[in-house]
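Below is one structure, written out as structure tokens; comments come after it.
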């Protein structure tokens with residue numbers, strides 16, 4: 001895989017290729033979840049943006065929705081994933 005500079009990680013496909021992770025925190029109920037980037041790519045496609053304003057359209061807090069609370073008061077955090085955390089991860093072709 002050729003290195004491209006400047007490095008840009010603005011889509012889910014690029015995030016998957018880079019092997020980095022995302023967590024989402026619900027600011028209403030304080031729950032936290034690690035997102036499965038590969039599954040998100042399957043659901044919304046590799047060209048879907050991975051910025052807050054892109055993700056908030058497709059992700060919500062199931063617990064808050066079920067309770068009738070604000071289910072989109074979310075905060076996303078990018079994470080570098082170390083080689084020991086990749087669990088068989090391989091870059092996209």
Looking only at the stretch 65-78, which residues are farther than 12 Å from residue 15 by Cβ, surrounded by 15 or more Cβ atoms within 10 Å (Cβ to Cβ) and touching a strand residue (DSSP E or B) at 6+ places or on another chain (Cβ under 6 Å)? 74
Look through the stretch 18-34, keep the residues that are surrounded by 15 or more Cβ atoms within 10 Å (Cβ to Cβ) and touching a strand residue (DSSP E or B) at 6+ places or on another chain (Cβ under 9 Å), and return whichever of them is farthest from residue 80 (Cα to Cα). 28
Which residues, taken from the stretch 13-27, are at pLDDT below 95 and touching a helix residue (DSSP H, G or I) at 6+ places or on another chain (Cβ under 9 Å)? 13, 15, 16, 19, 20, 21, 22
Take the residues in the stretch 2-12 that are exposed (fewer than 15 other Cβ atoms within 10 Å of the Cβ) and either within 18 Å of the chain's Cα centre (by Cα) or under 15 Å from residue 38 (Cβ atoms) (or both); name whichever of them is modelled with the lowest pLDDT. 7
Of the residues in the stretch 79-93 that are at pLDDT below 85 and either within 17 Å of residue 25 (Cβ to Cβ) or in contact with a helix residue (DSSP H, G or I) (Cβ under 6 Å, 6 or more places away or on another chain) (or both), the one that is surrounded by the most Cβ atoms within 10 Å (Cβ to Cβ) is 92
Step by step: first the residues of the stretch 39-64, then only those that are exposed (fewer than 13 other Cβ atoms within 10 Å of the Cβ) and touching a helix residue (DSSP H, G or I) at 6+ places or on another chain (Cβ under 8 Å), then the one that is nearest to residue 75 (Cα to Cα). Which residue is that? 58
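The values are calculated or read from the model by the stated rules, or taken from the named source; none is laboratory data. Bear in mind the structure is a predicted one, so any value in this text is a computation, not a measurement. Note that we place each Cβ from the backbone using ideal geometry, even for glycine, and neighbour counts take in every protein chain shown.
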